[in-house]
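So the structure is just underneath, and the comments pick up after that.
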C-alpha cells in the first residue's frame, strides 16, 4: 500500500528536519534563502535566526514494512503558500502536524486548514532544546484537540523518535476503530 501523507506545521517547526531524519531515499527539498520580499508576511517571532524556508515542498519516502510505503510531503509553513498547500494536500490520507510548545498558537491555522480539507491528523510536539516541559494533557487542552486525535512528542532530528510520531499517525488513519458494544 502506497500512502501519501503531509508533514505540516507553522514556519520553523521542523518539517524539513523530520523528513530528512526518516526518509530512506535522499529527500527532495525546495529550501531557499529567506529574503526581504517575505519579511512583511513571514512572522518570525520566536524564530528570528531562521534564514531558509521551504517554498514548495519537501519530499521523502519511507518503507514501513513489505506492505506499507509512506510518501511524505512537507508543506510550507507560511500563509502566503496556502494555494500550493491545498494542491499538495490533494490525495493525502492524512497529516502529521508538528508543533512547537513555545509557539502553540502558530499551529491553529494549519490544523484549521486540515479540517477544512477533511484530512485527519495526528499532532507531534517537536521537542527543541529550550522547549518547556509541558504535560501532554495540558498540551492537548491548549491545542483544543479532540480526544481521538493522537498527540505525541518527538525530536524531529531523531529517526526513531520521528518514526514513532509517523506510526501514531498511520495507526490513527489505517487501523479501524472498534466500536464500543453496550451490554443488552
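The values are calculated or read from the model by the stated rules, or taken from the named source; none is laboratory data. None of these values were measured; they are calculated from a predicted model. All Cβ positions, glycine included, derive from the backbone under ideal geometry; neighbour counts span all protein chains shown.
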Next item on the list: Check off (1) at pLDDT 90 or above; (2) in contact with a strand residue (DSSP E or B) (Cβ under 9 Å, 6 or more places away or on another chain) for residue 33 and give me the number that stays unchecked.
Entry: (1)
Check: Taking residue 14, is it out of contact with any helix residue (DSSP H, G or I) (no Cβ under 6 Å at 6 or more places or on another chain), buried (at least 20 other Cβ atoms within 10 Å of the Cβ), under 20 Å from residue 124 (Cβ atoms) and modelled with pLDDT of 80 or more?
Finding: yes
